[in-house]
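In what follows, a single structure is set out as structure tokens and then discussed.
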């Protein structure tokens, strides 16, 4: 069984309660249609299980297969520097059907970012490295495609729907 | 299936209609052989798409990766082009599955290679091998661990 390497740390984007008993990590790609399908299910999981769930997203862009995957990850990280990682994350998945190179600035404006700062941050080497580190972590953790999920540090064998089902069953 | 310590059987397979790859030409380099059932599986969960993103990792460990399946060179070419793959796919096509058989990873019933990984060291010995359930993409963590181990020697 593959385990999450490295463990969750202060470089991660974390949503939910610190005291939550279930930690879910998703390795995802903003252009991957399967991740797009998983997005509303993850929202539902967060709503249904509320305080029990902590959700972490790490980037796993398949840059050769998906030309906007890496730029989209950059957009999310650049938004993160203005405290709006999750807003951009959501906006990217909600607009995945029309993902292209012009979308990032538009979304940045929609979610209320300082556009100039956003554009400047988007060229940052540090952000690029953060995404590569996430990818590295995925590779080391046995990610074999996107999305890949880890529950409390162990690789979950299944997609978002299976994850929802498993949580529901274990809550009963 | 051949295990750690065995000598990797030499082979000569087409990577393109007019380019043959001989394993013995890669002595002095680490080689990764990724046998897989067929081209054209869904992209986000595709093993070859994953390895394609990892070439710089393999490079770092002085390793060359080859995908191997029983698909023909023309099928491989179309697949490589469609998925923008930047490493060779070898056609274990004629006689069908001969190399897969030599490595002990041919599925007679399906007529396809099993999903199996081999890391071969610079002397041509198998350093690590792994057989994955046919429907499960094994990822790359095992390959990297094996290469890291070789690197320490």
Cβ neighbours within 10 Å from other chains - mean over A:136-146: 6
Ordering of A:128-139, B:72-83 by packing [mean C-beta count within 10 Å, highest first]: A:128-139, B:72-83
Radius ratio Rg over Rh of the protein assembly as shown, counting only Cα atoms, Kirkwood formula for Rh: 1.01
Helix-only mean residue ellipticity at 222 nm for chain A, each DSSP H run of n ≥ 4 adding -39500 (n - 2.57), per residue, nearest 500: -15000 deg cm²/dmol
Within chain B, helix-based [θ] at 222 nm, where runs of 4 or more DSSP H residues each add -39,500 (n - 2.57), nearest 500: -7000 deg cm²/dmol
Cβ neighbours within 10 Å from other chains - mean over B:143-151: 1
Per principal axis, descending, Cα span of the stretch A:26-101 in whole Å: 36, 28, 19
Equivalent ellipsoid semi-axes, the stretch B:6-82, via Cα gyration tensor eigenvalues times 5, rooted, Å: 21, 17, 11
Using alpha carbons only: equivalent-ellipsoid semi-axes of the stretch A:1-66, gyration tensor based, whole Å: 22, 16, 10
Equivalent ellipsoid dimensions for chain B as semi-axes, Å, which come from the Cα gyration tensor, largest first: 21, 17, 16
Efficiency of FRET from Cβ geometry, residue B:101 and residue B:25, R₀ 22 Å, rounded to 0.05: 0.50
Stokes-Einstein translational diffusion, chain A - Kirkwood Rh over all Cα pairs, 0.692 mPa s, 37 °C, in µm²/s: 203
Centre separation in Å (Cα based) which lies between the stretch B:99-153 and the stretch A:56-78: 29
Exercise: per-residue mean of other protein chain Cβ atoms within 10 Å, B:42-54: 6
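None of the figures in this text is laboratory data; all of them are computed from the coordinates on show. Just so you know, these numbers come straight off a predicted model, no measurement behind them. Positions of Cβ are backbone-derived with ideal geometry, glycine not excepted, and every protein chain shown enters the neighbour counts.
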